[in-house]
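No value in this document is a laboratory result; all are computed from the given coordinates. Since this is a predicted model, take the numbers as computed values, not measurements. Cβ: placed from backbone, ideal geometry, glycine included. Neighbour counts: every protein chain shown.
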Amino acid sequence: MSIFIRVVRLAHGADLPLPAYKTSGSAGMDLHAAILTSLSLPPTERAVIATGLSIALPKGYEGQIRGRSGLALHCGIACYNAPGTIDSDYRGEIKVMLINLGKKTVNFERGDRIAQLVISPVIKVAWEEVYALEDSERGTGSFGSTGLN
Ligand SMILES: O=c1ccn([C@H]2C[C@H](O)[C@@H](COP(=O)(O)OP(=O)(O)OP(=O)(O)O)O2)c(=O)[nH]1
Ligand SMILES: [Mg+2]
C-alpha cells in the first residue's frame, strides 16, 4: 500500500534528496541532515537537527522518527524522544533529536542520513468509561510476571 504525502523542501534543504526507501521492503525513509556546516556531537550531548522538510500527512496518519540501527551500534547515536511523533496537522519543519550515548564524539555532515521516518495509520479512541474491567489471562501481572527467560 502507498499513499501520496505533500512535502515541501525548505530553502536550507532544497538541494538535499527527499527521504527515500533504500530497499523495496524498507519500512522507513532515511532523513538527511539539513545542517549548513558539519556538527560535532560529543558523548552525552544532544542536538536537534533540521531536515529541511515540512509535510502534510493525511488525517489518520502519523510519522514516527526512529533511530538508525547502524548509527546506534557503531556510534551510540539515539533519538532521545524515540520514537518522535509527527502529527498529521504539523506543518513545521521536521526535526530530529539525537543524543550521543557512545564514548566518542560523532561528526555529522550536511546530507548525512541521521534517522528514519516511518508513516503509520493512527487509530483514534473514544473512551468508554466503566466501573471495572473484565478478567483476563494476564490480569494485573507485569514486569516479569511470566518469568524472565
Ligand atoms: O522528533 C520530533 C518530534 C516532534 N516533532 C514535531 C512534530 C510534532 O507534531 C510536533 C509536536 O511533537 P510532540 O507532540 O511530540 O511534542 P510536545 O512536547 O507534545 O509539543 P506540542 O505541545 O506542540 O504537541 O513537533 C518533530 O519535528 N520531531
Ligand atoms: Mg504533543
Next item on the list: For region 61-114, name all the residues that are under 18 Å from Ser26 (Cα atoms) and of a type in the set (Lys, Arg).
Entry: Arg66, Arg68, Arg113
Check: Which members of region 97-107 meet the condition of being touching a Leu at 6+ places or on another chain (Cβ under 7 Å) and surrounded by 15 or more Cβ atoms within 10 Å (Cβ to Cβ)?
Finding: Leu98, Asn100, Val106
Item checked: Count of residues meeting criterion [in a strand (DSSP E or B), more than 14 Å from ligand 1 (Cβ to nearest atom) and of a type in the set (A, V, I, L, M, F, W, C)] in region 78-116 -> 2
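What strands (runs of 3 or more DSSP E) lie completely within region 1-70 and have 3 or more residues being within 16 Å of Pro83 (Cα to Cα)?
29-32, 46-50, 61-66
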Next item on the list: Among residues belonging to region 108-144 that are surrounded by 10 or more Cβ atoms within 10 Å (Cβ to Cβ) and among the small types (Gly, Ala, Ser), point out the one that is farthest from the chain's Cα centre (by Cα).
Entry: Gly141
